[in-house]
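Read the structure below first, then the notes.
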Amino acid sequence: MTELPVACGLTEPELAERRAGVLADVRRSARETGWLADGVRLRFTATPESLAMLTTFVDLERRCCAFLRFQLTVEPGGGPVWLELTGPPGAREFLLAELGPHR
């Protein structure tokens, strides 16, 4: 498979709207953030609202950031929900700029 460029396909106005919307919701709702060599792992409380938010987030982001790999894990017994976003070299830095603590 050809390696996709680490780039967002949104225009600046679209990206600003995304940052104020679902990206802000994801940052605010994450209970834990762990930075991986090739991305990030986020932990969420297993609620219907968080699952709906995360599936919306994945659906939107896969369209504009085709280089990302998404893995959503729902632990058994009401345990946490984990979202891993990983990608090629440069993905971690891209994600840090979008989801990091300074945002």
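Here are some notes:
- Qualifying position, being farther than 24 Å from THR11 by Cα, in contact (Cβ under 8 Å) with a residue 12 or more places away in the chain and touching a helix residue (DSSP H, G or I) at 6+ places or on another chain (Cβ under 9 Å), among THR45, THR56: THR45
- All positions within region 15-46 that are closer than 14 Å to LEU68 by Cβ, among the hydrophobic types (A, V, I, L, M, F, W, C) and open to solvent by 50 Å² or more (accessible area, probe 1.4 Å): LEU36
- Any hit, region 27-45, residues being in a loop (DSSP other than H, G, I, E, B), closer than 16 Å to GLY100 by Cα and in contact with a Ser or Thr (Cβ under 7 Å, 6 or more places away or on another chain): yes
- Whichever residue in region 47-66 is modelled with pLDDT under 95 and not in a helix (DSSP H, G or I) and, among such residues, is least open to solvent (accessible area, probe 1.4 Å): CYS65
- Residue list for region 67-88, restricted to those being out of contact with any strand residue (DSSP E or B) (no Cβ under 8 Å at 6 or more places or on another chain) and open to solvent by 50 Å² or more (accessible area, probe 1.4 Å): PRO76, GLY77, GLY78
The values are calculated or read from the model by the stated rules, or taken from the named source; none is laboratory data. Not measured: the values here are computed from a predicted model. Because the Cβ atoms are built from the backbone with ideal geometry, glycine has one as well, and the counts that use them run over all protein chains shown. Surface accessibility is based on the protein's heavy atoms, side chains included, excluding ligands, DNA and RNA. Shrake-Rupley method; radii C 1.70, N 1.55, O 1.52, S 1.80 Å.
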